[in-house]
1. Rg and Dmax of the chain over Cα atoms: what are they, in angstrom?
2. How far is it, in nm, from the label point at residue 5 to the one at residue 60 when both lie 7 Å from their Cα along the line to the Cβ?
3. Distance in nm between label sites at residue 88 and residue 28, each 7 Å beyond Cα in the beta-carbon direction?
4. In the range 1-19, which residues have a backbone nitrogen under 14 Å from the label point lying 7 Å from residue 53's Cα in the Cα-to-Cβ direction?
5. What spacing in nm lies between the two simple spin-label points modelled at residue 71 and residue 16, each 7 Å away from Cα in the Cβ direction?
C-alpha cells in the first residue's frame, strides 16, 4: 500500500506573489525576494506562522567583500523564525581580499 501525501504549497513569508507547489513535503524552496532587497530567501509552507528577515551587518567592513541588498545595505544573514522558537539561519560570510602587489 502506498501512502500519498498531499501537495505542499510554498509562499513567501514577506508577501511576494511567488508560489510553488511540490508533491508531499519536498523542502528547500527559495526565491529572490523583493521585500528583502533581492536577497535569496526561503519559501515557507502556506499557512505557517513563520517570519523571514534579513539582518543588516553592523561591524566594520574594511577591505572585505560583503553581500549587499538592492538598496546597498550590507547584510550578514537571513533568518527564518518559527513560532516554537526554532530558526534557520543563512550566514552571508564576507570574502577577504588579498593582493600579491609588492611581494616581489
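A short reminder: the numbers here are calculations on the coordinates, not readings from a lab. Worth saying up front: this structure is predicted, and the values here are computed from it rather than measured. Neighbour counts run over all protein chains shown; Cβ positions are idealised from the backbone, glycine included.
1. Every Cα atom of the chain included, Rg and Dmax give 18.2, 71 Å.
2. 4.8
3. Roughly 1.0 nm, to one decimal.
4. Those under the cut-off are 14.
5. For the pair residue 71/residue 16, the computed spacing is 1.6 nm.
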